[in-house]
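This report refers to the structure that appears directly beneath it.
The values are calculated or read from the model by the stated rules, or taken from the named source; none is laboratory data. Owing to the predicted nature of the structure, the values given are computational and were not obtained by experimental measurement. Glycine also receives a Cβ, built like all others from the backbone with ideal geometry; neighbour counts cover every protein chain displayed.
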Amino acid sequence: MDTIFFQTEAEFREWLEQQHAQMQELWVGFYKKSTAKPGISYGQAVDQALCFGWIDGIRKTIDVESYMIRFTPRKPRSIWSAVNLKRAGELVELGLMHASGLKTYQERDPDKAQLYSYENDKRALVDSYEAQFRENPAAWDFFQAQPPYYKKVASFWVMSAKKEETRLKRLATLIEDSAQGRRLAQVTYQAAKNATSENGEDSR
């Protein structure tokens with residue numbers, strides 16, 4: 001697959017202006033901060049993608065210095081994360097949204113926006129849970145290679161349980177499934193919605 005390392009936001013924006021309506025995907029390359037190599041940041045790339053109705057997805061390692069993320073056009077009526085929804089609104093106010101991005105933003109389903117309310121609370125594993133996760137390198141590497149939305153929903157699924165016993169069981173399930181190279185069966189959009197309710201602990 002071809003990967004492009006953009007040096008600036010302007011370069012990525014120019015590519016999107018020319019290709020956003022024709023292309024179905026783009027792998028954008030990023031250098032890790034520790035390399036000190038120049039290039040567009042992840043946040044800058046997401047901003048420009050939002051401006052044209054695109055969204056980030058799968059992340060893959062290239063080498064010890066870099067990684068790549070797949071960007072694609074957002075599907076109609078897809079679910080917006082709370083973070084992207086807020087940022088898109090800011091980009092609209094700044095006058096940076098392209099017509100295609102504005103159309104995608106305006107056609108979003110407001111009811112589905114609440115589905116990602118987990119981003120406002122309990123969105124990350126506590127340090128002790130993350131440390132336990134890292135003890136299984138295969139599981140941790142698989143988890144880190146997943147799209148941002150999956151990692152957030154999976155983390156919320158673990159942390160949203162009321163009882164410590166349930167949280168630990170869910171963490172064990174997440175680690176086990178990740179070690180086997182598979183995503184949690186429980187983490188579906190419906191499961192995420194159920195996890196935000198006050199009742200219904202998972203027995204696993």
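Specify which of the listed residues (Ala139, Ala185, Ala154, Ala161) is farther than 20 Å from Val83 by Cα, modelled with pLDDT of 90 or more and hydrophobic (A, V, I, L, M, F, W, C).
On the way: Ala185 fails: modelled with pLDDT of 90 or more; Ala154 fails: farther than 20 Å from Val83 by Cα; Ala161 fails: modelled with pLDDT of 90 or more.
The unique qualifying residue is Ala139.
Of all residues in segment 60-69, one or more are surrounded by 16 or more Cβ atoms within 10 Å (Cβ to Cβ), not hydrophobic (A, V, I, L, M, F, W, C) and not in a loop (DSSP other than H, G, I, E, B). Every listed requirement among (1) assigned to a helix (DSSP H, G or I); (2) of a type outside the set (S, T, N, Q); (3) closer than 21 Å to Ala21 by Cβ is met by Ile55 save one, (1).
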